[in-house]
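Enquirer: Dropping a structure here in structure tokens format, bear with me for questions.
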Amino acid sequence: MKILVVGSGGREHALCWKIAQSTLADEVFCAPGNGGIAGDAVCVGIPSDDIPSLVRFVKDNAIDLTVVGPEAPLTAGIADAFQAERLPVFGPDKRASLLEGSKSFAKEMMRRASIPTARSGVFSDVDQARSYIRDADYPLVVKADGLAAGKGVIVTSSKEEALMALDEVMVSRAFGDAGSSVVIEERLTGEEASFIAVCDGEHIIPLASSQDHKPVFDNDRGPNTGGMGAYSPAPVLDEASYGDVLEKILYPLVNVMKREGITYRGVIYAGLMMTDSGPYVLEFNARMGDPETQPLLMRLKSDIVPLLAETARGGSIRNMDLSWEDGPSVCVVMASGGYPGTYEKGKAIEGINDAEKIPGVKVFHAGTRLLDSRPVTAGGRVLGVTALGDDLKSTIDKAYRAVSCIAFEGMHYRRDIGHKALARLS
Ligand code: AMP
Ligand code: GLY
């Protein structure tokens with residue numbers, strides 16, 4: 001098969017790396033890819049949101065399967081454009097990706113399916129939103145309704161803060177048009193976990209559990225990022241909760257969407273808060289998590305291509321399953337100085353080869369490009385240094401040993417990836 005992966009981050013590098021190992025994959029392409037992906041796939045210079053050019057490339061090169069990584073092309077309707085041309089594409093169509101593209105739509109689906117989630121209100125009128133905040137007798141989170149690159153969520157601890165957050169989102173439009181309507185919801189407490197699954201419209205094949213680290217600094221301090229590291233499995237999601245997520249969240253969701261005439265084919269990612277009363281949904285994404293995909297695909301023993309291809313073809317994944325390494329995997333993100341704020345690009349990166357000499361280590365590239373055949377930084381999150389091992393403590397140590405081989409000017413990374421799991425296991 002000829003397979004195209006759309007996107008340019010660490011998630012797409014992990015996908016290309018895993019797909020390239022499949023006996024079914026003859027050639028792997030990535031649009032547009034990055035400096036490291038070039039080692040596992042042929043990078044083609046088409047931006048991931050240029051849907052007409054992607055369709056043309058797939059037709060001209062007789063690509064058998066296209067796998068879409070990021071949310072922007074999905075919510076823009078890449079799957080619809082491919083389906084209209086009868087080209088197999090892995091990723092939900094435009095209506096289904098509203099699950100990520102519109103928080104109010106996601107909330108409405110959850111309400112109809114009685115899925116555990118925070119109490120909330122949706123407002124496009126700022127005065128009504130203000131009075132909801134004044135009347136609420138619980139702490140609040142203010143969320144821009146539309147896509148805001150993972151940034152449009154403000155967690156508050158007082159009514160004053162919530163009112164200020166509302167002004168930022170709806171009046172100053174800090175997140176642009178994504179803030180023309182807001183979801184205001186109860187602030188939940190607990191530990192977060194990521195639950196990622198593949199759905200063929202009817203059946204669901206869950207991936208292993210994982211946990212992200214969103215805030216930029218150790219001990220979950222500082223502003224949120226796209227994710228500073230991840231590991232799998234996440235012990236906070238024990239077997240019982242894992243089953244609950246499938247039975248009480250994902251199947252009801254897929255069924256309620258089906259009743260709306262929406263066949264959900266692709267990845268469903270539930271961002272969960274593990275509360276005292278079980279898993280609650282914070283958000284849904286219509287794609288794999290980044291960085292979660294990096295440790296997940298390191299642990300995946302099965303070939304992923306049949307699952308992706310069958311889903312894309314509109315077939316049934318009912319009899320498929322995935323097998324996982326028993327040992328954990330840990331991914332530490334190395335970021336540019338200043339990220340998640342402004343940062344400089346073009347810094348030479350040293351030591352990746354040394355890091356990869358450690359058995360069980362793979363360095364996935366997120367924001368890199370090649371300059372005279374050498375990697376330089378080209379984004380906020382630069383590398384996902386990922387280790388697979390036998391037990392959590394030694395795997396964390398191995399990931400950080402690999403990190404210590406690598407250097408670029410201004411780099412920073414969290415030093416506590418996996419510590420919540422360590423505390424839970426000890
Ligand atoms: P979201 O993009 O909706 O997942 O929100 C980003 C982050 O904001 C989450 O990972 C949580 O850390 C936090 N968050 C979102 N909703 C809530 C909530 N209802 N209660 C507490 N924290 C939340
Ligand atoms: N790691 C969080 C996300 O992919 O949305």
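The values are calculated or read from the model by the stated rules, or taken from the named source; none is laboratory data. As the structure is a prediction and not an experimental result, all values here were calculated from the model. As a convention, Cβ positions derive from the backbone with ideal geometry for all residues, glycine included, and neighbour counts pool all protein chains shown. All accessible areas refer to the heavy atoms of the entire protein, side chains included, with ligands and DNA or RNA removed. Shrake-Rupley method; radii C 1.70, N 1.55, O 1.52, S 1.80 Å.
A quick yes/no check of all residues on (1) more than 16 Å from ligand 1 (Cβ to nearest atom); (2) out of contact with any Ser or Thr (no Cβ under 6 Å at 6 or more places or on another chain); (3) among the β-branched types (Val, Ile, Thr); (4) more than 30 Å from residue 135 (Cβ to Cβ):
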residue	(1), (2), (3), (4)
195	no, yes, no, yes
204	yes, yes, yes, yes
209	no, yes, no, yes
240	yes, yes, no, yes
247	yes, yes, no, yes
255	yes, yes, no, yes
266	yes, yes, no, yes
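Enquirer: Might you let me know whether region 321-334 holds any residue that is within 14 Å of ligand 2 (Cβ to nearest atom), in contact (Cβ under 8 Å) with a residue 12 or more places away in the chain and acidic (Asp, Glu)?
Expert: No, region 321-334 contains no residue that is within 14 Å of ligand 2 (Cβ to nearest atom), in contact (Cβ under 8 Å) with a residue 12 or more places away in the chain and acidic (Asp, Glu).
Enquirer: Tell me, please, whether a residue that is open to solvent by less than 50 Å² (accessible area, probe 1.4 Å), within 16 Å of ligand 1 (Cβ to nearest atom), modelled with pLDDT of 95 or more and of a type in the set (Gly, Ala, Ser) can be found in region 72-85.
Expert: Within region 72-85, not a single residue is open to solvent by less than 50 Å² (accessible area, probe 1.4 Å), within 16 Å of ligand 1 (Cβ to nearest atom), modelled with pLDDT of 95 or more and of a type in the set (Gly, Ala, Ser).
Enquirer: On to the next question. Could you check region 183-201 and list, in sequence order, the residues that are surrounded by fewer than 23 Cβ atoms within 10 Å (Cβ to Cβ) and either within 16 Å of ligand 2 (Cβ to nearest atom) or among the hydroxyl-bearing types (Ser, Thr, Tyr) (or both)?
Expert: 189, 191, 192, 196, 197
Enquirer: Same structure again: Buried (at least 22 other Cβ atoms within 10 Å of the Cβ) and not aromatic (Phe, Trp, Tyr): which single residue out of 387, 378, 423 fits that description? Spell out how you get there, then give the answer.
Expert: Numbers: 378 fails: buried (at least 22 other Cβ atoms within 10 Å of the Cβ); 423 fails: buried (at least 22 other Cβ atoms within 10 Å of the Cβ).
Of 387, 378, 423, the one residue that is buried (at least 22 other Cβ atoms within 10 Å of the Cβ) and not aromatic (Phe, Trp, Tyr) is 387.
Enquirer: Also, quick follow-up: Do we have residue 309 as within 16 Å of ligand 2 (Cβ to nearest atom), among the small types (Gly, Ala, Ser) and modelled with pLDDT of 95 or more here?
Expert: The answer is no for residue 309.
Enquirer: Give all pairs with beta carbons closer than 8 Å in which a residue from region 178-194 that is within 25 Å of residue 208 (Cβ to Cβ) and in contact (Cβ under 8 Å) with a residue 24 or more places away in the chain meets a residue that is of a type in the set (Gly, Ala, Ser) and near ligand 1 (Cβ under 9 Å from one of its atoms); count only pairs at least 6 apart in sequence or on separate chains.
Expert: Cβ pairs passing all conditions: 188/118; 192/271; 194/271.
Enquirer: Something else: When the residues of region 395-420 are narrowed to those that are assigned to a helix (DSSP H, G or I) and open to solvent by 50 Å² or more (accessible area, probe 1.4 Å), which ends up nearest to residue 374 (Cα to Cα)? Working first, answer last.
Expert: Within region 395-420, the subset assigned to a helix (DSSP H, G or I) is 395-403, 419-420.
Subsequent filtering for residues that are open to solvent by 50 Å² or more (accessible area, probe 1.4 Å) retains 397, 401, 419-420.
Numbers: 397: 27, 401: 22, 419: 33, 420: 36 Å.
Taking the candidates together, the pick is 401.
Enquirer: Taking the stated definitions as given, is residue 101 at pLDDT below 95, in contact with a Ser or Thr (Cβ under 9 Å, 6 or more places away or on another chain) and closer than 23 Å to residue 290 by Cβ?
Expert: Against the criterion (at pLDDT below 95, in contact with a Ser or Thr (Cβ under 9 Å, 6 or more places away or on another chain) and closer than 23 Å to residue 290 by Cβ), residue 101 qualifies.
Enquirer: Here's another thing I want to ask about it. Of all strands (runs of 3 or more DSSP E) completely enclosed by region 281-374, which ones contain at least 3 residues that are under 22 Å from the mean Cα position of the chain (by Cα)?
Expert: Answer list for region 281-374: 329-335, 361-365.
Enquirer: Residue check: is residue 171 over 17 Å from the mean Cα position of the chain (by Cα), within 13 Å of ligand 1 (Cβ to nearest atom), farther than 24 Å from residue 276 by Cβ and among the aliphatic types (A, V, I, L, M)?
Expert: When the stated conditions are applied, residue 171 does not pass them.
Enquirer: Is it the case, given these coordinates, that residue 172 is away from ligand 2 (no atom under 16 Å from the Cβ) and more than 23 Å from residue 222 (Cβ to Cβ)? Talk me through it step by step, then tell me what you get.
Expert: Values: away from ligand 2 (no atom under 16 Å from the Cβ): yes; more than 23 Å from residue 222 (Cβ to Cβ): no.
No.
Enquirer: So, in region 207-232, of the ones that are in contact with a helix residue (DSSP H, G or I) (Cβ under 6 Å, 6 or more places away or on another chain) and of a type outside the set (Gly, Ala, Ser), which residue ends up surrounded by the fewest Cβ atoms within 10 Å (Cβ to Cβ)?
Expert: Result: 207.
Enquirer: If a residue counts only when it is over 16 Å from residue 275 (Cα atoms) and over 18 Å from the mean Cα position of the chain (by Cα), which strands (runs of 3 or more DSSP E) contained entirely in region 206-255 have at least 1 such residues?
Expert: 215-217, 221-224
Yes/no per residue for (1) within 16 Å of ligand 2 (Cβ to nearest atom); (2) touching a helix residue (DSSP H, G or I) at 6+ places or on another chain (Cβ under 7 Å):
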residue: 69; (1), (2): yes, yes
residue: 73; (1), (2): yes, yes
residue: 84; (1), (2): no, no
residue: 90; (1), (2): no, yes
residue: 102; (1), (2): yes, no
residue: 106; (1), (2): yes, yes
residue: 112; (1), (2): no, yes
residue: 115; (1), (2): no, yes
residue: 125; (1), (2): no, no
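Enquirer: Regarding residue 66, is this residue within 15 Å of ligand 1 (Cβ to nearest atom), modelled with pLDDT of 95 or more, among the polar types (S, T, N, Q) and buried (at least 18 other Cβ atoms within 10 Å of the Cβ)? Step through it out loud before you land on a result.
Expert: Values: within 15 Å of ligand 1 (Cβ to nearest atom): no; modelled with pLDDT of 95 or more: yes; among the polar types (S, T, N, Q): yes; buried (at least 18 other Cβ atoms within 10 Å of the Cβ): yes.
In short, no.
Enquirer: Can you tell me how many residues within region 291-322 are more than 13 Å from ligand 1 (Cβ to nearest atom) and within 23 Å of residue 225 (Cα to Cα)?
Expert: Looking only at that region, the number is 7.
Enquirer: Just a yes or no: is a residue in region 138-152 part of a loop (DSSP other than H, G, I, E, B), open to solvent by less than 40 Å² (accessible area, probe 1.4 Å) and modelled with pLDDT of 95 or more?
Expert: No, region 138-152 contains no residue that is part of a loop (DSSP other than H, G, I, E, B), open to solvent by less than 40 Å² (accessible area, probe 1.4 Å) and modelled with pLDDT of 95 or more.
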